[in-house]
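Okay, structure first, notes after.
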Amino acid sequence: MRVVLVGALNGAVAVAVGAIGAHLLEGRPGAANPELIQTAVMYQLFHAATMVGMGALKGHVLPAMLGAASWAFAIGIVLFSGSLYALSLGAPHEVAYVTPVGGGLLIIGWLLLSVAAARRV
């Protein structure tokens, strides 16, 4: 169940980054932007948990739609949360153009999951 593995690994990364942002970077001059990190962690963790839960749907919903939703979530997490992490660490402002693309993929993931649930096997 690749979707569960990817979700679980994203969950671990989100918790680790959240802890680093909260404990190691807080209050340091020139440190990362805590609001961006918090937003990125929240979205990454929420979608990681969703991906883990999607593993339970295998065999109950259309596999192609479930797979497409999984890919949309995985790539969306990388682009959305990844761009916010990069921006919080001082990446060029142009990186911000990637953020809405990632957000759009997360929305598409939810829509694909909805179709998968509506059109059960």
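Any read-out appearing in this document is the output of simple, stated calculations on the displayed coordinates, not a laboratory observation. Computed from a prediction, not measured in an experiment: that's the story for all the values here. Ideal geometry is used to build each Cβ from the backbone, glycine not excepted, and the neighbour counts take in all protein chains shown.
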Legend entry - Nearest-ten-degree value, helix 99-118 long axis tilted from longest Cα axis of the chain: 20 degrees
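Taking Cα pairs under 8 Å and at least six residues apart, what relative contact order does the range 2-118 come out at, in percent?
Working: 148 pairs, mean separation 35.1, N = 117.
Over the range 2-118, the number comes to 30 percent.
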Inset, instruction - Excluding Leu87 itself, calculate the net charge of residues whose Cβ lies under 15 Å from the Cβ of Leu87, where each Lys or Arg counts +1 and each Asp or Glu counts -1. - result: -2
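Per-residue counts of other Cβ atoms within 10 Å, averaged by peptide: what ranking do you get for 73-81, 105-113, highest first? All intermediate terms of the calculation are to be shown ahead of the outcome.
On the way: 73-81: 22.3, 105-113: 18.6.
Taking the mean over residues of other Cβ atoms within 10 Å, the ranking is 73-81, 105-113.
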Inset, instruction - Give the peptides 9-17, 93-101, 45-53 in descending order of average Cβ contacts within 10 Å, highest first. - result: 45-53, 9-17, 93-101
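Treat every Asp and Glu Cβ in the chain as -1 and every Lys and Arg Cβ as +1, leave all other atoms uncharged, and give the resulting dipole magnitude about the Cα centre to the nearest 20 debye.
Here the chain has a charge dipole of around 500 debye.
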Legend entry - Top positive-direction residue, dipole computed over the chain with Cβ charges, set Tyr85, Val15, Ala69: Ala69
Legend entry - Separation in nanometres of the label points that stand 7 Å from Cα toward Cβ, at Phe46 and Arg119: 2.7 nm
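Want the number for Leu111 to Leu9: 0.36 nm per residue separation, take away the alpha-carbon distance, what's left? Please list the in-between numbers first.
On the way: separation 102, 0.36 × 102 = 36.72 nm, distance 2.31 nm.
Length gained, Leu111 through Leu9: 34.4 nm.
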Inset, instruction - Would you calculate a helix-derived [θ] at 222 nm for the chain, using -39,500 (n - 2.57) for each DSSP H run of n ≥ 4 and dividing by the full residue count, to the nearest 500? - result: -24500 deg cm²/dmol
